[in-house]
Amino acid sequence: MTQTVAAPSRASTGARRRTNANQRRQNRAAYLFVAPFMLVFVLMLLVPLFYSGYLSLFATRLIGGSQFAWLTNYIRAFTDADFLAGVGRMGLFLVIQVPIMLCLALFLALAIDSGRARGAGAIRLLVFLPYAVPGVVATLMWGYLYGQDFGPIAQVFRALGFGAPNLLSASTILGSIMNIVTWEFVGYNMIIMYAALRSIPSELFEAAEIDGAGQFRIAWSIKIPAIRPAIMLTVIFSIIGTFQLFNEPSLLKGLAPNVIDNAFTPNYYAYNLAFINQDVNYAAAIAFLLGIVIAIVSYVVQLSTQRREARAS
Amino acid sequence: MTTATTGESTRPASSRAQDPARPRTKRAYNRDRRRSNLLTVILWLLALYFILPIAWLAIASTKDNADLFSTFGYAFGHFNLFQNLQDVFTTSNGIYLQWALNTVIYAAVSAIGASFLATMAGYAFAKYRFPGAKILFSVVLGAIMIPLTALALPTYLIFSQFGITNTPIAVIVPSLVSPFGVFLMRVYAADAIPDSMIEAARVDGAGEFRIFWQVGLRLLGPGIVTVFLFALVATWNNYFLPLIMLNSSNLYPLTVGLAQQQATSAGGGGSQALFSTVITGSAVSIVPLIIAFLFLQRYWQTGLASGSVKE
């Protein structure tokens, strides 16, 4: 897994003691290099994680204060219609928005990498630009763009003689949020895939080209399989991102207060539970559950692709 | 994940048949290839989708409030940019400047710290074999999957027990952890630093830290820029963490500040004049990061491309 520098393969026994001393010194150096990160990692990641798990097992009652409550919070979550609706919404996100976003990113990465479009470098930067826009600003901006009275989308529709669509209604809000997230992250995913494409040895498809393979064939049979690890990375990041949706619903709530409820996304729900309802224990359970759901979904996705790969080989 | 293999071993068998004298410039063959007009048109149409909202923001920031609501989104009204900018920087006694300064401080300190920690750790994971390396790295890798939400709330509760909520520390310290940065650096360092160079430095009597400092860091440049930029964007754009950690508005970063301004202006109450201020403030807030990406693009794209995502 790790690449070694000190290969202790010097055969002479006289040198062994010195080698051991060297190895020890190198070990010490390695630990010192890793220590600062691991310290912050433990304090800011592992400790809160376990604390969150601990908190989720308690319940605060009016009388008696905080009491150990076993899995009450989790049972409550599984029967909480608001929470389940939020999870369902994210499930919808996962099966609609994530594939659209990643396919678009993959198409752009392949198209730019193929070198067949004029100005590909400029396009690459323009597509990536939204990633540099904070989610808050992106949401504010799209909020104005969606606006029914003065938003340019509505203006165009009206100019064409159609009625202005209400992009912030109960039936459209999820799609509108999907669009914001897609806009923000296509470029990021595209860059990761593009970088992976650049590191494929070009001999691979030069040979295929000589054999008469077309661009689509090369993309499908050589390039996409070659960057599968990078694609997996974007899939996992997208799953994590989806379940963490917070900025978009919390900011759009100002524009569509009756459409977005407190449990619109699980993350937003956890926030509201903790900071509005002051129910820290239940919020911790929701957050923890969310983490477990993400881990399971990511794991299943990884496993299924590995199995497919195993079957293919 | 598998080891990042260095160059040669990944070469396919077919490449052996090639003329060895031919230089292995990766994409040289692309240049004399025929362009496709259809693909060019499709790509530029797609690019419009990404650029039009930003163009709207730029145009809207030049309009006054009246024009904002009376003119077409992509048409210019009275050129009011300078007045808007003045409003942005003077509203509420120039709180915007304070937010901008906070953002710069939070993001710069976090990103420098995070990339430094990630670089050291990634380098060690890539270049040393030490007891426990495997398990430690697996734990770090697994942590990429932990959602921020699961952490932000307990972190807040822990911090409030120590009385450090509502301080810059509460925003900066949690942002120092970048498991993905460690992952990127490990893969990058494995590729970018030849083992023989480290060995040579050792033979010359350099200590491990001197090797890291004088050999490692120099070769890791593009990788560090990549990790730095991703960490910078993550903190610059962070909304959730400062939102829960901070409650005095002069500690807010731009994201939280702008969101509050937007809430006030959308909430009505005669404060409609704020719309142009929020829009112009938003436009101003995205300029620094875009400049950073444009200026450093050569480095971060190299950093990503030369190994970082090759698993």
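Does the range B:111-125 hold any residues that are hydrophobic (A, V, I, L, M, F, W, C) and closer than 18 Å to B:Phe228 by Cβ, and which are they?
Residues satisfying the conditions are B:Ala111, B:Ile112, B:Ala114, B:Phe116, B:Leu117, B:Ala118, B:Met120, B:Ala121.
Got a sec? Which of B:Leu176, B:Leu243 is under 22 Å from the mean Cα position of the chain (by Cα), facing chain A (nearest Cβ under 9 Å) and more than 30 Å from A:Ala230 (Cα to Cα)?
B:Leu243
Take the residues in the range B:167-224 that are assigned to a loop (DSSP other than H, G, I, E, B) and not hydroxyl-bearing (Ser, Thr, Tyr), then tell me which one is surrounded by the most Cβ atoms within 10 Å (Cβ to Cβ).
B:Val177
Would you check which residues across the range A:152-172 are of a type outside the set (A, V, I, L, M, F, W, C) and either within 7 Å of chain B (Cβ to nearest Cβ) or assigned to a loop (DSSP other than H, G, I, E, B) (or both) and list them?
Selection gives A:Pro152, A:Gln155, A:Gly161, A:Gly163, A:Pro165, A:Asn166, A:Ser169, A:Ser171, A:Thr172.
Give the residues of the range B:289-300 that are of a type outside the set (Ser, Thr, Tyr) and touching a residue at least 40 places away in the same chain (Cβ under 8 Å), sorted by residue number.
B:Leu289, B:Ala292, B:Phe293, B:Leu296, B:Trp300
Only residues that are within 9 Å of chain B (Cβ to nearest Cβ) and modelled with pLDDT under 85: list them for the range A:245-262, please.
A:Gly254, A:Leu255
Out of the residues in the range A:149-174 that are more than 34 Å from the chain's Cα centre (by Cα) and not hydrophobic (A, V, I, L, M, F, W, C), which is nearest to B:Tyr74 (Cα to Cα)?
Filtering the range A:149-174 for residues that are more than 34 Å from the chain's Cα centre (by Cα) and not hydrophobic (A, V, I, L, M, F, W, C), the one nearest to B:Tyr74 (Cα to Cα) comes out as A:Arg158.
What helices (runs of 4 or more DSSP H), lying completely within the range A:32-151, carry at least 1 residues that are open to solvent by less than 40 Å² (accessible area, probe 1.4 Å) and touching an Asp or Glu at 6+ places or on another chain (Cβ under 6 Å)?
The qualifying helices (runs of 4 or more DSSP H) are A:135-146.
For the range B:77-97, indicate whether the set of residues that are open to solvent by less than 10 Å² (accessible area, probe 1.4 Å), among the polar types (S, T, N, Q) and at pLDDT 85 or above is non-empty.
Among the residues of the range B:77-97, not one is open to solvent by less than 10 Å² (accessible area, probe 1.4 Å), among the polar types (S, T, N, Q) and at pLDDT 85 or above, which makes the answer no.
Could you list all residues from the range B:148-166 that are surrounded by fewer than 22 Cβ atoms within 10 Å (Cβ to Cβ) and at the interface with another protein chain (Cβ under 9 Å from one of its Cβ atoms)?
B:Leu148, B:Tyr156, B:Leu157, B:Ile158
Just the residues that are open to solvent by 40 Å² or more (accessible area, probe 1.4 Å) and either at the interface with chain B (Cβ under 7 Å from one of its Cβ atoms) or under 30 Å from A:Asn166 (Cα atoms) (or both), please, taken from the range A:272-294.
A:Phe275, A:Ile276, A:Phe288, listed by residue number.
Report yes if some residue within the range B:127-141 is out of contact with any Pro (no Cβ under 9 Å at 6 or more places or on another chain), buried (at least 24 other Cβ atoms within 10 Å of the Cβ) and in contact (Cβ under 8 Å) with a residue 12 or more places away in the chain; otherwise report no.
Yes, because at least one residue in the range B:127-141 is out of contact with any Pro (no Cβ under 9 Å at 6 or more places or on another chain), buried (at least 24 other Cβ atoms within 10 Å of the Cβ) and in contact (Cβ under 8 Å) with a residue 12 or more places away in the chain.
The values are calculated or read from the model by the stated rules, or taken from the named source; none is laboratory data. Remember, it's a predicted structure, so these values are computed and weren't measured experimentally. Positions of Cβ are backbone-derived with ideal geometry, glycine not excepted, and every protein chain shown enters the neighbour counts. Protein only, heavy atoms only, side chains kept; ligands, DNA and RNA dropped before computing areas. Shrake-Rupley method; radii C 1.70, N 1.55, O 1.52, S 1.80 Å.
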